[in-house]
1. May I ask you to verify whether Val154 is open to solvent by 50 Å² or more (accessible area, probe 1.4 Å), at pLDDT 80 or above and under 21 Å from Ala201 (Cβ atoms)?
2. If Trp118 meets every condition in (1) more than 24 Å from Val2 (Cβ to Cβ); (2) at pLDDT below 80; (3) open to solvent by 70 Å² or more (accessible area, probe 1.4 Å); (4) under 17 Å from the mean Cα position of the chain (by Cα) apart from one, which number is that one?
3. Of all residues being in a helix (DSSP H, G or I) and in contact (Cβ under 8 Å) with a residue 60 or more places away in the chain in the stretch 16-34, which is most open to solvent (accessible area, probe 1.4 Å)? Just the residue, please.
Amino acid sequence: VVGPIVAFVLVWRCCTLPTAWVFQAFATVSGLGVLSTVFPHKLAGMHAMFAPWATVYELVLALYPATFLQLMVLMPTPPWSQGERPRSPWFRLILIGYLIPVLGWLLRRFGVATPLLWPGPAYTAIVMVVGIGILVARYWGLPRGPRARIEQRVIVVLTSITLIVSNLVFGATAFDDWLSAFVVGPWQRLAFGLLVTAWLATPLLFAYLIA
C-alpha cells in the first residue's frame, strides 16, 4: 500500500521526471503482486469472462523484475544523454529484462514449458541482485553516475541491504513457521520490527533519491 501511494505523490509533484513514472510502474506492479501472495493458487472453474483478466494479471506480475531493473538503472536520472538511448548498453539491458518475461509468457500461452524464461523465484532473485548492484555501482563511481552527496550514497547502501535481507526473509519458503520459531524473544522482535520498518521506508527513500 505504501509504495503506490508514495509513487503517486511523487509523480503528482514531479511529473516531468521519467524515473518518477518508472517508480510508479514498479510500485503498482509490486502492489498488485501482494494479491498473488494472499491467493497463491489459481481459481478452479474460472468464468470465461474473467479468464482474460487473469491472463493479463499473470503477465503484469511477470514484469515485476523488469520494472525493478529499469528503476535501478534509471535512478535517479537516466544514464544516457539525449539521442544516445538506442545505443546505450543500459537501455539494451532494460529491453532484455522486459523481453525475457514477455517471451516466457507467450510460450506458456502455447503450452511450452519455459523454466529459464518464466520469472520464478530464482530469476527474480538474480534480477534483484543485478539491479541492486547497478544502483550501488552508479552511486559509487560508475561513469555518468549521479553526482551524489555522501548521505545519498549511504542511503543507497542501506536501502540495498534492506531490500536484499527483506527479500530473503519475506520470500523464504515456510516463512510463517520460520517466523514463529525466530521471533520468540524481545531482541528478536526488536530486530524483526526494525527490518519491517526499514522495508516499509524504502519507497520514501527511493522517492527522496529521485526527487
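The values are calculated or read from the model by the stated rules, or taken from the named source; none is laboratory data. Keep in mind it's a predicted model, so treat the numbers as computed, not measured. Here Cβ is always computed from backbone atoms with ideal geometry, including for glycine, and neighbour counts include all displayed protein chains. Side chains included, ligands, DNA and RNA excluded: accessible areas come from the protein's heavy atoms. Shrake-Rupley method; radii C 1.70, N 1.55, O 1.52, S 1.80 Å.
1. For Val154, the condition - open to solvent by 50 Å² or more (accessible area, probe 1.4 Å), at pLDDT 80 or above and under 21 Å from Ala201 (Cβ atoms) - is met.
2. In the conditions (1) more than 24 Å from Val2 (Cβ to Cβ); (2) at pLDDT below 80; (3) open to solvent by 70 Å² or more (accessible area, probe 1.4 Å); (4) under 17 Å from the mean Cα position of the chain (by Cα), Trp118 misses (3) alone.
3. Checking each candidate, the answer is Pro18.
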